[in-house]
Amino acid sequence: MTDPVEVEAATLRALWVERMRAAGHAKKPDVAKAFLSEPRHVYAPRFMCSRQKEDGAWINEEVTREHPNWLTEVYTDQVLLTSVWPDPLSSSTVPSLMADMLEALDVSPGMTVIEVGTGTGYNAGLLGQLVGDDNVVTLDVAPELVGAARASLDTAGHAAVTVVQANGGSRDVLRHGSVDRLIATCGVDRIPDPWRQVVRPGGRIVAPVGAGIAVLDVADDHSAEGRFLPTGAYFMQLRAPRSDDMPTRPTDPGGPAEPCGMPLGAWDDIGFSFLVSLSLPFNDVLTDTTSDGGLIIWHRDGSIAHIFEDGTARQAGPRRLAGLLAGLWQSYRERGQPTREAYRITIGADGEHAIVAEGDGGTWLVSPAVTTP
């Protein structure tokens, strides 16, 4: 007897992939075929999704298999928070972004791939469709995610995909031998050295760096060079075992407000926020909005700045955040407000990173030039 859930899911997947392709994603036939075949609903029996109410406010809604719109929500181009009980650990990435990353990875059947950040296991299933299950190793630090992903992959027919509990940012990735490709589905501020070392010369790394996706080709000496995709990316950060990811917010700064040099609206400029994500450690910077319409930005080193609508700011701590942001804003404007595609990243064989932007007046060293207090 035909399972009505599977019939509806297949119909929704076909419409979903058609919409993605019309929007410019999943353009490669093999990637489109993988999304058509892989059952995302198997990996998302329970999740939270955000929606906007009529009054403009955003709310999170829990969706389970019993929800009347469960499959419709699964096969919508949106992120699904799949492990938020009690803390956010995992999500199923926006599928159009997953397609962009898989296309940038540029794989073919028989290539070997390591994935860092198993999450639900869905991306590992897609990789299995593209290169063969025997050629995929996926790692995650959280044992509860590894167990759930293993079960979901088995249900989806990917018993041969290797799922390992390991610290993906450490030398654990080297235990599985050299591979042709490495893809990360967790954010980093810099590419860990083991990622370059595990990828064969001529291979490729695709990973979220800051608020963008870096695509890096590995050379014979395991240096790497590449670019950023035009789309933004906001992934959960790479975690170490037993890490405390929630720093304590510093005390609000006191004293007189001073001219800031960065208009409050600059924070909403996508190009500028990308630059900030490359210039300050992305996992160390947090923001809050205030009832007076201002912005508070703070750093886990104890630095904090309160930026007001009138263009002034109060700041405290070892890192003068308001001044740093103002300097970045001025440089960004002077260089023609470069977009993500203008940035290139190089990593030496010694692991030294450099990010440059090509804008008005030539190239501009973005990082590591502005990462110190």
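The values are calculated or read from the model by the stated rules, or taken from the named source; none is laboratory data. All values reported here derive from a predicted model rather than from experimental measurement. Note: ideal-geometry Cβ built from the backbone for every residue, glycine included; neighbour counts use all protein chains shown. Each accessible area value is taken on the protein alone, full model and side chains, heavy atoms only, with ligands, DNA and RNA left out. Shrake-Rupley method; radii C 1.70, N 1.55, O 1.52, S 1.80 Å.
Computed values, structure above
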item	result
Residue within segment 283-296 that is over 17 Å from E258 (Cβ atoms), of a type in the set (S, T, N, Q), assigned to a loop (DSSP other than H, G, I, E, B) and open to solvent by 30 Å² or more (accessible area, probe 1.4 Å) present	yes
Residue, most open to solvent (accessible area, probe 1.4 Å), within segment 302-320, restricted to residues that are out of contact with any helix residue (DSSP H, G or I) (no Cβ under 6 Å at 6 or more places or on another chain) and among the aliphatic types (A, V, I, L, M)	A316
Cβ pairs under 6 Å, 6+ apart, first in segment 251-270 and in contact (Cβ under 8 Å) with a residue 40 or more places away in the chain and closer than 13 Å to Y332 by Cβ, second of a type in the set (G, A, S) and part of a helix (DSSP H, G or I)	G261/A326; M262/A326
Of all residues making up segment 7-35, the number that are touching a residue at least 12 places away in the same chain (Cβ under 8 Å), in a helix (DSSP H, G or I) and open to solvent by 80 Å² or more (accessible area, probe 1.4 Å)	4
Residues of segment 40-62 that turn out to be under 10 Å from L81 (Cβ atoms) and touching a Phe, Trp or Tyr at 6+ places or on another chain (Cβ under 7 Å), as a count	1
Segment 246-282, residues that are open to solvent by 50 Å² or more (accessible area, probe 1.4 Å), within 14 Å of L325 (Cβ to Cβ) and assigned to a loop (DSSP other than H, G, I, E, B)	G261, P263
Out of I205, I191, sole residue that is part of a loop (DSSP other than H, G, I, E, B), at pLDDT 90 or above and open to solvent by less than 10 Å² (accessible area, probe 1.4 Å)	I191
Residues of segment 49-78 satisfying the condition of being closer than 18 Å to A149 by Cα and surrounded by fewer than 18 Cβ atoms within 10 Å (Cβ to Cβ)	T64, R65
Residue within segment 49-62 that is in contact (Cβ under 8 Å) with a residue 12 or more places away in the chain and touching a Leu at 6+ places or on another chain (Cβ under 7 Å) present	yes
Hey, R227 outside any loop (DSSP other than H, G, I, E, B) and either farther than 30 Å from G202 by Cα or at pLDDT 90 or above (or both) or not	yes
Any hit, segment 322-344, residues being in a strand (DSSP E or B), at pLDDT 90 or above and crowded, with 16+ Cβ neighbours inside 10 Å	yes
Failed item, numbered, when H299 is tested on (1) at pLDDT below 90; (2) open to solvent by 30 Å² or more (accessible area, probe 1.4 Å); (3) within 20 Å of V209 (Cα to Cα)	(2)
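Here is a yes/no grid of residues against (1) free of Cβ contacts under 8 Å to residues at least 40 places away in the same chain; (2) under 16 Å from the mean Cα position of the chain (by Cα); (3) under 20 Å from V179 (Cα atoms):
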residue	(1), (2), (3)
T93	no, yes, no
G110	yes, no, yes
V113	no, no, yes
T118	no, yes, yes
L130	no, no, yes
V136	yes, no, yes
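Rundown of residues vs (1) touching a residue at least 24 places away in the same chain (Cβ under 8 Å); (2) within 21 Å of the chain's Cα centre (by Cα), yes/no style:
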{"position": "D140", "(1), (2)": "yes, yes"}
{"position": "A151", "(1), (2)": "no, no"}
{"position": "A159", "(1), (2)": "yes, no"}
{"position": "V164", "(1), (2)": "yes, yes"}
{"position": "L174", "(1), (2)": "yes, no"}
{"position": "V179", "(1), (2)": "yes, no"}
{"position": "R190", "(1), (2)": "yes, yes"}
{"position": "D193", "(1), (2)": "yes, yes"}
{"position": "R200", "(1), (2)": "no, no"}
